[in-house]
Every structure is written in structure tokens, then in C-alpha cells.
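Heads up, the thing below is written out as C-alpha cells.
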Amino acid sequence: MTLKKFNFNVLKKDKFARLGKIITSRGTIDTPVFMPVGTQATVKGTFIKDVIKAGSQIVLSNTYHLMIRPGADRVKKAGGLHNFMNCKVPILTDSGGYQIMSLSKLNKIDRSKGAIFNSHIDGKKFILSPEQSIKIQKKLNSDIVMVLDECPRKTLSYDTILNAVILSTEWAKRSKKEFGRNKHKALFGIVQGGLFNDLRLKSLKELIKIGFDGYAIGGLAVGDSQKEMFKVLDYLKNYMPINKPRYLMGVGTPSDILGSVMRGVDMFDCVLPTRAGRTGLAFTWNGRVNIRNAKYKKDNKPLDESVKIFDLNKYSKNYINHLFNTNEMLGSMILTLNNINFYQELMFEIRKNIKRGTFTKFYTKYANKL
């Protein structure tokens with residue numbers, strides 16, 4: 001089999017919203033795209049074949065979690081992450097930087113060694129350097145690899161964010177050196193800088209000098225408001241490379257996605273649709289539905305009558321409410337599939353409207369409703 005080179009093309013623009021196509025050796029990805037999160041080599045609550053059947057063209061897995069369990073060597077011996085989890089579409093792996101910040105009770109950043117932290121599972125000590133993060137992702141054999149960065153918690157301390165930008169830039173250089181040259185895979189840099197425009201631009205310019213296949217925007221799903229996030233994107237959209245994919249990490253709600261697409265973002269990931277599904281929250285074209293609400297005990301209509309995939313329109317809100325009230329796992333499975341399907345429908349409609357030049361109208365209709 002002849003492997004295809006990684007490539008990205010912008011096909012159409014509607015103001016700042018972009019319709020594009022990412023070419024990978026494992027398949028083509030239409031952008032804007034939403035990547036369901038398969039943290040531990042599984043999208044929780046469903047089969048990977050159903051995730052793909054719902055329209056997902058790429059999924060995300062997590063370096064931090066797979067490093068701890070089951071271990072990168074075990075995945076490599078299984079033939080890589082695609083074979084391990086029976087996934088036929090491209091996989092993006094994040095670097096583990098965010099989890100080091102969010103999960104570890106004790107972590108220390110050493111400029112030369114990397115991140116020193118204790119496992120959230122058993123307290124075992126780990127050291128994750130930029131080089132080690134890339135080596136792990138190579139063993140996982142993902143299609144899109146992320147550099148290791150320092151993702152600080154939300155703070156208004158300029159010096160703290162500046163230091164994170166400086167360190168992340170150093171680690172980006174080391175990550176690229178370890179990655180080497182592989183025209184069939186992609187390495188993305190991660191723009192840091194908190195809510196400070198000058199630091200965001202400094203980070204971006206340094207990453208462009210190093211040269212990456214795509215540019216992610218990190219550090220925006222760590223406690224900031226949607227208004228603050230959009231303000232950063234409004235600034236960055238004028239400086240991001242036009243011919244490279246733009247990935248907003250860890251975002252988000254349907255309205256987050258709509259507003260970010262309007263500001264030129266191409267790629268998204270978030271645990272929200274699957275996590276919400278497990279807790280009883282459904283996303284629909286008429287807005288959110290908290291299926292645990294007592295009013296649905298008498299509602300024999302489906303969440304969405306038009307959805308025929310997986311026979312989701314055969315299950316009434318009354319029935320799903322019963323499943324959640326009796327802690328039956330089928331309820332979580334139904335809502336997880338519903339939400340994954342809804343997010344992929346949303347991305348399809350976004351792409352369709354950008355192509356038609358009607359995205360602004362579509363945004364106006366659904367931004368608040370969803």
C-alpha cells in the first residue's frame with residue numbers, strides 16, 4: 001500500500017470560516033471537524049465502529065493515560081493504536097501536557113528533564129520529557145502527533161504565562177527534533193499565551209519559525225469564559241498560517257464550536273458529548289435535554305424523530321428517562337450515540353453552509369439555540 005503524504009487544503013472560505021480537507025495515510029478528513037475523545041483507546045460507552053458510522057472521520061487518544069495504562073510498549077506490540085482499538089480512521093494523540101496539569105496532585109516542571117509527576121492511579125513517579133512524549137506517540141503510531149507543552153491553569157499573572165510560553169517553545173523545538181522527518185505523519189505545535197495577545201503572538205511566531213504541519217491553540221479550556229476565548233481567537237485569526245490546519249484543543253459546546261469556526265478554527269475535540277451522554281444530557285437541534293427531568297416520564301416522542309441511524313428514533317424520552325432512573329447502562333449508551341451523532345451532524349451542516357456561503361445565517365439561527 002502506498003502511503004499518502006500528510007496535506008491540508010482550504011477549499012472555500014466564508015469570511016473567516018474555512019472549508020478544508022486534511023489528507024492522511026489512513027484517510028481524508030473534512031474540516032471543520034470534531035474529534036470524539038477516546039482517552040484510553042476507547043470512546044466511552046460505545047463501539048468504535050458506531051463512532052465512525054455516525055460520521056466521525058478522526059478520533060483522539062491520550063498519551064498520558066496510555067503511557068500509564070496499558071503502556072506504550074504493550075500497544076506497540078499489538079500493532080499500534082489502530083490495531084489495538086480496531087480503529088480504521090486517523091487518530092490524533094495529544095502530548096500529555098494538559099493531564100500533567102489537571103490530574104496530578106504533585107507535579108514539577110524541570111526545564112531540561114520535562115514534567116515530573118505522580119500517577120493519578122497509584123502515585124508512581126513519572127518523568128515526561130518532550131522527547132519521551134514523542135517516542136510514546138511513535139509507539140502508539142498515531143497519525144497526528146502533538147508537541148509537549150506546559151499548559152498552565154488560568155491565571156492573570158503575566159510572568160507565569162510568559163514563562164510557560166518560553167518553556168513551551170523550547171519543548172516544541174525538542175519535540176520536532178525527536179519527531180524527525182515523516183511526510184506520512186503530522187506534528188502540530190501548540191500556541192500558548194493565556195489571555196495576553198502579545199504572548200499569544202510571541203508563541204505563534206516562534207512556532208512558525210520552527211515549522212509545523214498544523215497549529216493548535218492550547219490553554220483556552222482551563223476556566224476562561226467563552227467571551228474571553230473568542231477574544232483570543234479574534235486576535236489570532238489574523239496571524240495564523242493560512243495553509244495549515246488550526247486546532248482548538250479541548251473545546252467544546254456546540255456554541256463554542258460555531259463561534260470558533262466563525263473565527264477560522266478547523267479542528268475540535270472535547271469529552272462533552274460522551275460525558276454528557278453518560279450523565280443524562282442530550283444534545284439536539286432544539287437544544288439540550290436533561291432526560292432525568294420528571295416531565296419526560298410522559299413524553300413518548302424520541303429525542304429527534306428525523307434521526308434514523310442506530311434506530312435512535314425508536315427510543316422515547318419516556319423510556320430513556322426510565323433507563324436513567326433505574327441506572328441501566330443502555331440509557332448512557334443511547335445518549336452517548338445520540339450526542340456523537342448530533343455533533344457530527346452539526347459539523348456536516350457547518351461544512352455545507354460554508355460551502356454555500358451561508359454560514360453567518362446558520363450561525364445566527366443556531367448559536368444561542370444550541
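The values are calculated or read from the model by the stated rules, or taken from the named source; none is laboratory data. Source: prediction; values computed, not measured. When we count neighbours, we look across all protein chains shown, and the Cβ atoms used for this are built from the backbone with ideal geometry, even at glycine.
Checking region 283-304 against the condition returns a match, with at least one residue being at pLDDT 95 or above, crowded, with 23+ Cβ neighbours inside 10 Å and in contact with a strand residue (DSSP E or B) (Cβ under 7 Å, 6 or more places away or on another chain).
Being out of contact with any His (no Cβ under 7 Å at 6 or more places or on another chain), surrounded by fewer than 16 Cβ atoms within 10 Å (Cβ to Cβ), closer than 25 Å to ASP256 by Cα and not aromatic (Phe, Trp, Tyr) is a property that holds for ASN9. Condition test on ILE217, is it touching a strand residue (DSSP E or B) at 6+ places or on another chain (Cβ under 8 Å), surrounded by fewer than 17 Cβ atoms within 10 Å (Cβ to Cβ) and not charged (D, E, K, R)? When the stated conditions are applied, ILE217 does not pass them.
Scanning region 60-110 for residues that are modelled with pLDDT of 95 or more, surrounded by fewer than 16 Cβ atoms within 10 Å (Cβ to Cβ) and part of a helix (DSSP H, G or I) yields ASP73, ARG74, LYS77, ASN83.
A search for C-beta distances below 7 Å between a residue of region 197-208 that is surrounded by 16 or more Cβ atoms within 10 Å (Cβ to Cβ) and any residue that is part of a helix (DSSP H, G or I) and at pLDDT below 95, counting only pairs 6+ apart in sequence or on different chains, returns nothing. Could you tell me whether THR336 is within 22 Å of GLY277 (Cβ to Cβ), within 23 Å of the chain's Cα centre (by Cα) and of a type outside the set (A, V, I, L, M)? Yes. The set of residues in region 31-45 being under 14 Å from ASP266 (Cβ atoms) and either touching a Lys or Arg at 6+ places or on another chain (Cβ under 6 Å) or surrounded by fewer than 17 Cβ atoms within 10 Å (Cβ to Cβ) (or both) is empty. Looking only at residues of region 225-264 that are over 25 Å from ILE340 (Cα atoms), charged (D, E, K, R) and assigned to a loop (DSSP other than H, G, I, E, B), we find that the one that is nearest to the chain's Cα centre (by Cα) is LYS244.
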